[in-house]
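S.K.: Mind looking over this structure? Questions follow.
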Amino acid sequence: KVAPSYTMVDVPKPDEDSMIWGMRDSLNPVLSVVLDPIANLLRLRSAFAIKTNFPNLSTYKDIGTAGTGYDRVIEPERIYSFNSGFELFFMNQAISFRTDYFYTQIKDKIMRVRIDALDVYSNISGQTVQGIESIFTASSPQIANIVTIRGSLSYVFAYAQNDEVSAYAYLEDVENIPQHQFIGQLVLDFVSKTTCSIWGTHTRNQIQYVMAANPNDVSSSAFTSSVYTTQELHNPFMLNVKVQQELPFNTYVYVSCKNVLDDYNVDPFSPGPGRMFYFGGGGRL
């Protein structure tokens, strides 16, 4: 039996041009514009943002793994986001309809890939996500001097692609991003300062990569259709309820039940906890 040998490796090194020595820094501007060309009827929105996601310690831990290259560097992700859309108001803003187009480009996307038969974190050239989100909202006047009702229904269509398809990257399909997402919410505000919220989320067409049933070459380091395939995940409907009561002195208490239908098999590879209850309270200054 041969004792394993270990080597101290000084990685990663900080950027030499960093404004703060020994650290990585970034500039993350956000620009947004909101215009009301027709008051109480039409609103236009547009926004652009840049964000940086730095690698964490869990990501760095594989750098010194034998066979993956001691000098391998994991770069931060640069995320460029843009969205633009319009909103229409009706009946003195009691009803509104909003639609937005969104586009996100992730450069140097950090992903877990297979290098030299090992699963490690590395950068791929990028990932692109774009789609459309539509939201319909409505609110009622006070009914019988008892309750006001507010509701919303939204739909999100997202198309995601990995920009890099190579021996060390995933295929074009992107994991854990549902293609269709439906969200509905109903809020009842009572004159007793009691609020009851009911909301649900339904997602469809969400995939993960899994090993093929009988891969041709189990030693292959490539994410190819002969070794890996996509598995569509369960399409869950998550229903939630929350009741909150306002108290004197700007305090409140609440009780909430998440996942009322007890659908714990949202992801068959990582089942959720099922139905959950929360109790709490707070105050405001």
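The values are calculated or read from the model by the stated rules, or taken from the named source; none is laboratory data. Note that the structure is predicted; figures quoted are calculated from it, not measured. We place every Cβ from the backbone using ideal geometry, glycine too, and count neighbours over all the protein chains shown. Keep in mind that these areas ignore ligands, DNA and RNA; they rest on the heavy atoms of the full protein, side chains included. Shrake-Rupley method; radii C 1.70, N 1.55, O 1.52, S 1.80 Å.
S.K.: Under 9 Å between Cβ atoms, at least 6 apart or on separate chains: pull out the pairs that start in segment 171-184 with a residue that is without any contact (Cβ under 8 Å) to a residue 12 or more places away in the chain and end on any residue that is open to solvent by 50 Å² or more (accessible area, probe 1.4 Å) and not charged (D, E, K, R).
M.R.: Qualifying pairs under 9 Å: Glu172/Gln161; Glu172/Val165.
S.K.: I'd like the full set of residues that are open to solvent by 50 Å² or more (accessible area, probe 1.4 Å) and either within 29 Å of Gly151 (Cα to Cα) or at pLDDT below 90 (or both), limited to segment 68-87.
M.R.: Listed by number, the residues that qualify are Tyr70, Asp71, Val73, Glu75, Phe82, Phe86.
S.K.: Now, a different point. So in segment 252-279, with the set limited to residues that are at positive phi and open to solvent by less than 40 Å² (accessible area, probe 1.4 Å), which one is modelled with the lowest pLDDT?
M.R.: This residue is Gly274.
S.K.: Can you tell me which residues in segment 72-114 are free of Cβ contacts under 8 Å to residues at least 24 places away in the same chain and not in a strand (DSSP E or B)?
M.R.: The one that is free of Cβ contacts under 8 Å to residues at least 24 places away in the same chain and not in a strand (DSSP E or B): Met91.
S.K.: Regarding segment 103-118, can at least one residue be identified that is over 27 Å from the mean Cα position of the chain (by Cα) and at pLDDT 85 or above?
M.R.: no
S.K.: With respect to the numbered conditions (1) surrounded by fewer than 16 Cβ atoms within 10 Å (Cβ to Cβ); (2) at pLDDT below 85; (3) hydrophobic (A, V, I, L, M, F, W, C); (4) assigned to a loop (DSSP other than H, G, I, E, B), which one is the sole condition not fulfilled by Phe249?
M.R.: So Phe249 meets the others, but not (2).
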